[in-house]
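Since the structure comes first, as structure tokens, the remarks are kept for the end.
Where a number appears in this text, it was derived from the coordinates with a stated rule and is not lab data. Just so it is clear, the model here is predicted, and its values are computed rather than measured. So basically every Cβ, Gly included, is an ideal-geometry build from the backbone, and we count neighbours across all protein chains shown.
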There are 2 protein chains.
Amino acid sequence: MSGKEFFKVTTLEAVLELVSAFPPVGEESVRLDQSVGRILAHDVLSDIDLPEFSRATMDGYAVRAQSTFGASESMPALLAVVGSVGMGEVPTVSVKAGEAVRIATGGMLPAGADSVVMVEHTQSLDETTIEIFKSSAPLQHVIEVGEDLRKGEKILSKGSRVRPQEMGVLAALGRTSVPVYRQPTVAVVSSGDEIVPIEKTPTLSQLRDVNAHTLTGLVRLAGGAPVYLGIAKDNFDDLDRLLQDALALADIVLISGGSSVGSRDFTLDVLKGLSDTEILVHGVSVSPGKPTILAQSKQKPVWGLPGQVTSAMVVFHVMVRPAIESISGLSKDKLAQVLEVPAVLNRNLASVQGREDFVRARLVSRGDRFYAEPVLGKSGLIHTMVKADGLIRIERDSEGLEKGAHVNVILLRA
Amino acid sequence: MSGKEFFKVTTLEAVLELVSAFPPVGEESVRLDQSVGRILAHDVLSDIDLPEFSRATMDGYAVRAQSTFGASESMPALLAVVGSVGMGEVPTVSVKAGEAVRIATGGMLPAGADSVVMVEHTQSLDETTIEIFKSSAPLQHVIEVGEDLRKGEKILSKGSRVRPQEMGVLAALGRTSVPVYRQPTVAVVSSGDEIVPIEKTPTLSQLRDVNAHTLTGLVRLAGGAPVYLGIAKDNFDDLDRLLQDALALADIVLISGGSSVGSRDFTLDVLKGLSDTEILVHGVSVSPGKPTILAQSKQKPVWGLPGQVTSAMVVFHVMVRPAIESISGLSKDKLAQVLEVPAVLNRNLASVQGREDFVRARLVSRGDRFYAEPVLGKSGLIHTMVKADGLIRIERDSEGLEKGAHVNVILLRA
């Protein structure tokens with residue numbers, strides 16, 4: 001008998017395709033001031049024109065543009081100041097040819113005016129007369145009604161992430177609560193006879209449950225709500241019990257550990273024993289992270305992650321995070337939103353054809369580029385992740401990269 | 001009389017220098033599972049060797065490397081299997097020349113062994129004999145005692161941000177609570193006679209308080225704890241009262257609004273009237289964002305931000321965020337941690353020498369680079385920020401950039 005195990009290995013691309021088929025979680029409403037980072041569950045249409053009145057964008061004078069045509073330093077236009085508009089006031093005067101009205105940035109344009117002359121281009125001669133030194137075009141230093149948001153227009157798209165500017169749009173529309181997708185609950189289960197809770201001092205041959213904490217942090221950063229369910233021993237009943245608990249409460253389940261062939265088998269056996277469950281993936285052509293399992297149980301994704309902490313982190317970044325984002329309702333076209341940056345490799349890197357390799361690297365900004373500097377050290381060591389800013393992605397068809405090659409680097413940031 | 005105002009304009013560089021002089025906030029302890037994104041208030045030294053025992057990193061056989069020297073497919077080495085090590089077990093057997101012990105990934109290396117042969121390079125002949133097809137080097141597929149973290153070594157640095165991998169290191173050390181800097185409280189005050197709370201339907205000439213919400217979101221993303229104190233009318237007493245409240249409770253104060261010369265003057269007057277207060281900056285050579293004020297009151301930074309929402313956002317990204325990070329205790333060398341990405345400009349861009357320009361842009365990933373595509377539209381319009389992925393930074397000495405120029409883009413992400 002050969003000890004070799006057989007993986008029906010799936011490509012990363014195919015895994016990501018499978019992942020995008022899971023349905024998104026339901027919706028909820030959150031207060032606008034709590035909405036940053038959440039994902040919109042509906043398109044947002046504007047029910048107003050913004051601004052609702054034509055506004056000045058500079059301090060100066062509201063005029064008819066044609067009153068200023070031809071004005072210059074040597075031939076200023078002379079205008080009669082017929083009033084002023086205070087902030088928050090509806091103007092009571094109107095502007096005719098040859099007239100000007102004092103106005104402040106944000107002030108409402110009086111009737112008749114179509115342009116604002118910056119105060120810097122004027123000089124007061126007396127209380128009621130100004131000189132204008134520069135010709136002003138129609139609509140110069142003016143924002144027209146509806147120029148920012150137009151009534152009925154789709155302003156924000158379902159599936160996009162709420163950033164401060166999206167909060168600003170919602171505030172402008174008076175939306176105090178925001179319809180967003182729920183944050184998916186992600187159960188984290190550790191497994192392995194040698195794993196102990198971090199509060200315990202491990203005896204020789206035991207290890208603290210590091211994965212529970214790295215995964216909890218990763219889930220939070222990906223927009224999920226982590227729930228840690230504890231450590232299953234390497235036996236069927238223990239893992240089965242925790243997995244049933246996890247499926248009862250969570251939208252996504254992560255089982256880490258089982259790095260040895262034996263304990264991976266437990267995870268597979270337990271999954272195969274569940275009703276309404278299908279093993280979708282057993283083995284992915286990535287390194288590190290090959291022994292990854294993806295199952296679908298009661299419509300929910302269940303991941304079996306490598307026990308080695310750094311491998312589990314890489315698998316999270318390249319597969320689980322996209323899965324969480326997809327189930328969170330994030331639009332497909334937003335999935336890669338600047339989580340990867342281009343860089344230039346600063347030394348040769350070997351890799352194996354037929355799998356995607358992910359190599360820890362520091363990013364050094366020099367001139368107009370990032371340089372990616374691979375972090376040395378065995379791949380299982382967590383200090384190599386601490387030293388890294390990102391993961392260099394080496395494509396499946398590559399036999400290695402030479403110094404100077406252009407690479408994409410997945411950012412490892414909080 | 002000329003309406004021109006006088007700004008003693010400060011460079012952005014000088015503002016950032018001033019900002020870094022404010023002392024950091026105090027410390028607190030947080031639970032490890034709540035620590036992601038926080039900033040370490042102390043260096044972390046390892047009080048253990050990790051691993052505490054030599055471990056296998058592959059499933060296979062623990063051997064003395066020299067027992068395998070010269071082994072090949074055609075000339076396999078024959079070894080006697082003298083036992084096995086289960087996960088979490090302390091081995092009871094030792095390994096002598098010509099012997100092998102079955103071991104799983106993560107298992108503790110038995111005495112005498114210095115190398116692990118992958119199961120894929122072996123074949124069982126019978127229960128007690130294996131063939132080995134490949135020579136194995138000493139320490140191959142082994143992590144030695146202390147190879148990841150060494151007792152007494154500084155592992156994490158004060159002032160660095162806690163990412164999932166830093167949580168992993170802390171978990172490995174059994175640290176259930178983490179000493180971090182407090183999140184600075186950031187008071188947000190709006191001002192302006194025309195500004196109404198967003199719940200209200202503005203009458204003609206009024207505007208909803210958009211800045212309060214964009215700033216609240218920006219503060220959260222920068223790691224601060226925002227407190228919104230409401231809207232001050234454009235009069236001395238109202239603003240003075242809110243500002244005193246803000247200084248009593250917050251570590252940093254943001255006053256937005258006052259976009260007109262008149263209301264800016266209120267902010268300045270109120271600040272000048274406070275005890276123990278100094279105006280550090282009035283006007284910064286950036287666009288947008290020139291009319292920015294920075295004061296120091298009772299050792300705390302007070303910012304007067306432009307009233308125009310997009311200008312206030314730009315000022316936040318380029319000045320206020322670095323200030324919040326600095327006061328949060330983030331190391332200076334970490335301030336720029338991949339918040340900017342290099343890109344290639346995809347059309348000509350004008351700019352004015354003597355100031356730094358920040359231009360909204362979409363980022364398009366094409367091949368091995370980002371291309372920055374400026375977003376058209378007047379700078380005051382918030383929809384231009386919604387369409388943007390980042391801000392192109394145009395240096396002070398530039399008279400404009402040509403298509404194809406290399407630029408840095410500040411990311412606008414949640």
Based on the alpha carbon coordinates of the range A:322-383, what radius of gyration and maximum Cα-Cα distance (Dmax) apply, in Å? 15.1, 39
The set of residues whose placed amide H lies less than 5 Å from the amide H of B:Tyr371, leaving out same-chain residues fewer than 5 positions away, is B:Val344, B:Val364, B:Ser365, B:Arg366
List every residue whose amide H lies under 5 Å from the amide H of B:His42, counting only residues 5 or more places away in sequence or on a different chain, with H placed 1.01 Å from N in the peptide plane. B:Gly159
Mean per-residue count of partner chain Cβ within 10 Å for A:385-391 equals 3
Anchor A:Lys151: lysines whose Cα lies under 25 Å away (excluding residues fewer than 8 positions away in-chain): B:Lys200, B:Lys378, B:Lys387
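Which whole number gives the average count of other chain Cβ atoms within 10 Å of the Cβ atoms across peptide B:199-205?
If you average over the peptide's residues, the count of other-chain Cβ atoms is 5.
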Using alpha carbons only: equivalent-ellipsoid semi-axes of the range B:281-370, gyration tensor based, whole Å: 27, 19, 10
Along its principal axes, what span do the Cα atoms of the range B:216-369 show, with the longest given first and each in whole Å? 57, 33, 25
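Let me check I have the definition right: for the range B:55-143, take the eigenvalues of the Cα gyration tensor, multiply each by 5, take square roots. What are those semi-axes in whole Å, largest first?
Numbers: eigenvalues 68, 34, 25 Å².
Ellipsoid half-lengths, sorted descending, are 18, 13, 11 Å.
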Peptides ranked, highest mean first, by Cβ atoms within 10 Å: ranges A:18-27, A:292-301, A:385-394: A:385-394, A:292-301, A:18-27
For the residues B:Ile48, A:Ile327, what sequence is obtained by ranking on other C-beta atoms within 10 Å, fewest first? B:Ile48, A:Ile327
Among the lysines, which fall within straight-line cross-link reach of A:Lys8, defined as a Cα-Cα distance under 26 Å, with same-chain neighbours fewer than 8 residues apart omitted? A:Lys272, A:Lys290, A:Lys298, A:Lys300, B:Lys134
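Take peptide B:82-89, look around each residue's Cβ out to 10 angstrom, count Cβ atoms belonging to other protein chains, and average those counts.
What the average comes to for B:82-89 is 5.
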With n ≥ 4 as the cut-off for DSSP H runs, can you work out [θ] at 222 nm for chain A, using -39500 (n - 2.57) per run divided by the number of residues, rounded to the nearest 500? -5500 deg cm²/dmol
Whole-Hz ³J(HN,Hα) from phi, Karplus 6.51 cos²θ - 1.76 cosθ + 1.60, for the range A:149-165, glycine and proline x: 10, 10, 3, x, 6, 7, 9, 10, 9, 3, x, 9, 7, 7, 9, x, 5
With at most 15 other Cβ atoms within 10 Å, longest stretch of chain B clear of loop chymotrypsin sites (Phe, Trp or Tyr not before Pro) (DSSP): B:70-414
Computed over the Cα atoms, what is the radius of gyration of the range A:147-232 divided by 2.2 N^0.38 Å, N being its residue count? 1.78
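Suppose a student asked you for the relative contact order of the range B:165-268, using Cα pairs under 8 Å spaced at least 6 residues apart; what percent would you report?
Once divided by the residue count of the range B:165-268, the mean separation gives 35 percent.
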Which residues' amide hydrogens lie under 5 Å from the amide hydrogen of B:Ser285, considering only partners 5 or more residues apart or on another chain, with H built in the peptide plane? B:Thr10, B:Thr11, B:Leu12
Here the range B:48-56 yields Karplus 3J(HN,Hα) values (6.51, -1.76, 1.60; θ = phi - 60°; whole Hz; Gly and Pro given as x) of 9, 8, 10, x, 8, 9, 6, 10, 7
P(r) histogram, all alpha-carbon pairs of the range A:1-135 included - 10 Å bins from 0, percent: 10, 27, 14, 10, 11, 10, 8, 4, 3, 2, 0
Using 0.36 nm times the number of residues separating A:Ser275 and A:Gln299, minus their current alpha carbon distance, what extension gain do you get? 7.5 nm
Semi-axes of the equivalent ellipsoid of chain A: what are they in whole Å, largest first, if each equals the square root of 5 times a C-alpha gyration tensor eigenvalue? 61, 26, 17
Need the list of aspartates and glutamates near A:Lys233 for cross-linking: C-alpha distance under 18 angstrom, and skip anything on the same chain fewer than eight residues off. A:Asp193, A:Glu194, A:Glu199, A:Asp209, A:Asp245, A:Asp265, A:Asp269, B:Glu89
Return the Rg/Rh ratio of the protein assembly as shown with Cα-based radii and a Kirkwood Rh. 1.06
Residue-by-residue Karplus 3J(HN,Hα) for the range A:139-145, coefficients 6.51, -1.76, 1.60, Hz, glycine and proline x: 6, 5, 6, 10, 9, 7, 3
Sticking with the crude label model, points 7 Å out along Cα→Cβ, report the distance from B:Phe236 to B:Ala14 in nm, one decimal please. 2.9
